[in-house]
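The structure under discussion appears below in the form of structure tokens.
The values are calculated or read from the model by the stated rules, or taken from the named source; none is laboratory data. Bear in mind that the values here come from a model prediction, so they are computed numbers and not experimental data. Backbone-built Cβ (ideal geometry, glycine too); neighbour counts: all protein chains shown. When the accessible area is computed, the model is the full protein with side chains, heavy atoms only, and any ligands, DNA or RNA have been set aside. Shrake-Rupley method; radii C 1.70, N 1.55, O 1.52, S 1.80 Å.
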Amino acid sequence: MSYYYRHEFKFSDHGLQRIKQRLNLSESNEWEIKEKVLDMIENSTRNFETNDTIYIYTGKGNIFFVIAKREKLIITTTPISPERELKLINRDIY
């Protein structure tokens with residue numbers, strides 16, 4: 001018996017392009033990239049949230065996946081310094 005696996009997150013075109021660039025996965029197929037990303041998200045030990053965005057650490061350098069909460073859409077992959085992380089968190093507190 002077979003079934004279709006449906007993961008929690010969706011990928012934007014921009015998000016996939018940034019993942020390929022920033023995580024050096026340009027030689028991989030799209031489905032391989034998605035599987036690697038989902039595995040990174042599942043195994044990540046560090047993340048933070050703002051009102052409408054989730055930031056999940058990739059495990060490489062200071063690079064985070066940026067995910068829209070409502071849509072559960074991976075918007076981009078970007079480097080975030082500790083200072084910027086604090087600014088993002090504090091912006092939503094005040």
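Values as computed for the structure displayed
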quantity	calculated
Student exercise, the stretch 17-58 dipole from Lys, Arg, Asp, Glu Cβ charges, in Debye to nearest 20	200 debye
Å² of accessible area per residue within the chain, as computed with a 1.4 Å probe and no ligands counted	72 Å²
With every protein chain in place, the stretch 10-92: carbon and sulfur % of accessible area (1.4 Å)	45 percent
Rounded to 10°, Cα long-axis angle of helix 13-22 versus longest principal axis of the chain	80 degrees
Only Lys, Arg (+1) and Asp, Glu (-1) charged, at Cβ; the chain dipole about Cα centre in debye	180 debye
Those GluC sites (Glu not before Pro) in the stretch 1-69 that DSSP places in a loop and that have at most 14 other beta carbons within 10 Å	GLU8, GLU27
Cα-projected label distance for ASP13 with GLU71, points at 7 Å along beta-carbon direction, nm	1.3 nm
Excluding exposed DSSP-loop trypsin sites (Lys or Arg not before Pro) (at most 14 other C-beta within 10 Å), longest clean stretch of the chain	7-45
Dipole of the chain [Lys/Arg +1, Asp/Glu -1 at C-beta], most positive-end residue of ILE56, MET40, HIS7	ILE56
